[in-house]
Amino acid sequence: MTELVHLDAAAGVATITLDSPANRNALSAQLRRELLDHLATALADDAVRVVVLSHTGRVFCSGMDLKETRGAGVQEQGVNEVPRILSTIWDSPKPVVARVAGPARAGGVGLVSACDIAVAATDATFAFSEVRIGVVPAVISVTVLPRLLARSAHELFLTGETFDAARAVTVGLINSAVPAEGLDAEVARYAEMLRQGAPGALAATKQMLRAERPPSMAAQFAEMQELSAGFFAAEEGQEGMRAFAEKRKPSWALTD
């Protein structure tokens with residue numbers, strides 16, 4: 001069986017590539033399994049600091065494989081695997097960057113929104129097309145809604161309208177839209193910045209960004225003060241401050 005998702009790691013960056021262009025990188029059962037396996041491998045590898053989610057072919061991801069899901073029962077529709085994929089990316093202690101060189105639809109937009117940083121070519125397009133085939137963008141809403149402006153979410157979820165990368169930046173879905181020829185350089189720029197962060201600090205920062213806020217400002221300050229003090233006293237923080245004083249890169253910063 002031909003592999004539909006590939007994993008390559010070099011210089012602290014693991015690139016996971018969707019490679020099923022024949023069905024527009026749809027989330028087939030095989031692709032879902034392989035994507036989960038490669039995510040687990042990358043996240044377990046201490047040498048990996050950053051994960052990049054990329055693709056071959058013209059389309060980033062067209063969403064669920066409708067040929068498989070048509071006529072399938074609930075348990076056969078990836079109802080468990082898709083949440084696992086999205087939550088694995090969302091909760092990853094390592095930063096995940098989406099490289100979007102082509103259209104993303106439905107579940108494909110869910111993948112993009114689960115990533116910490118998303119970069120798209122200016123000619124890439126996006127759409128929540130579910131309502132137009134009589135279904136609801138329910139599962140992906142868990143990762144999409146925290147990204148989108150509320151008014152835009154109502155419009156785009158209800159209309160299914162296709163929108164471009166420039167609007168995707170405006171509504172908060174992606175971080176950057178660049179010409180296609182500059183896409184790889186922009187992804188590499190983000191990856192290089194992320195490679196310079198301390199692994200423990202990056203993981204804790206991601207967790208902080210995802211956590212629910214305590215009900216009062218005083219409680220928030222108390223919680224954040226404890227988090228901050230712990231990292232100032234920890235080895236990563238001490239090494240970072242020593243490196244700053246000695247005008248050198250800290251020991252965790254990757255240079256090749």
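The values are calculated or read from the model by the stated rules, or taken from the named source; none is laboratory data. Just so you know, these numbers come straight off a predicted model, no measurement behind them. Note: ideal-geometry Cβ built from the backbone for every residue, glycine included; neighbour counts use all protein chains shown.
Remarks
- Some residue of region 27-42 being among the basic types (K, R) and either closer than 22 Å to A120 by Cβ or part of a loop (DSSP other than H, G, I, E, B) (or both): no
- Among (1) in contact (Cβ under 8 Å) with a residue 24 or more places away in the chain; (2) under 17 Å from the mean Cα position of the chain (by Cα); (3) assigned by TED's automatic domain parsing to the domain that holds A165 - the single one A203 does not satisfy: (3)
Yes/no matrix, rows are residues, columns are (1) touching a helix residue (DSSP H, G or I) at 6+ places or on another chain (Cβ under 9 Å); (2) surrounded by 20 or more Cβ atoms within 10 Å (Cβ to Cβ):
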residue: P103; (1), (2): no, yes
residue: V131; (1), (2): yes, no
residue: A150; (1), (2): no, no
residue: L158; (1), (2): yes, no
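- Residues that are part of a loop (DSSP other than H, G, I, E, B), without any contact (Cβ under 8 Å) to a residue 40 or more places away in the chain, touching a Pro at 6+ places or on another chain (Cβ under 9 Å) and of a type outside the set (K, R) are absent from region 82-95.
- Residues being part of a helix (DSSP H, G or I), surrounded by 11 or more Cβ atoms within 10 Å (Cβ to Cβ) and free of Cβ contacts under 8 Å to residues at least 24 places away in the same chain - total across region 208-238: 14
- Helices (runs of 4 or more DSSP H) contained entirely in region 104-180, each with at least 1 residues that are assigned by TED's automatic domain parsing to the domain that holds A29, within 19 Å of V59 (Cα to Cα) and in contact with a Leu (Cβ under 6 Å, 6 or more places away or on another chain): 107-114
- Residue within region 42-61 that is aromatic (F, W, Y) and crowded, with 23+ Cβ neighbours inside 10 Å present: yes
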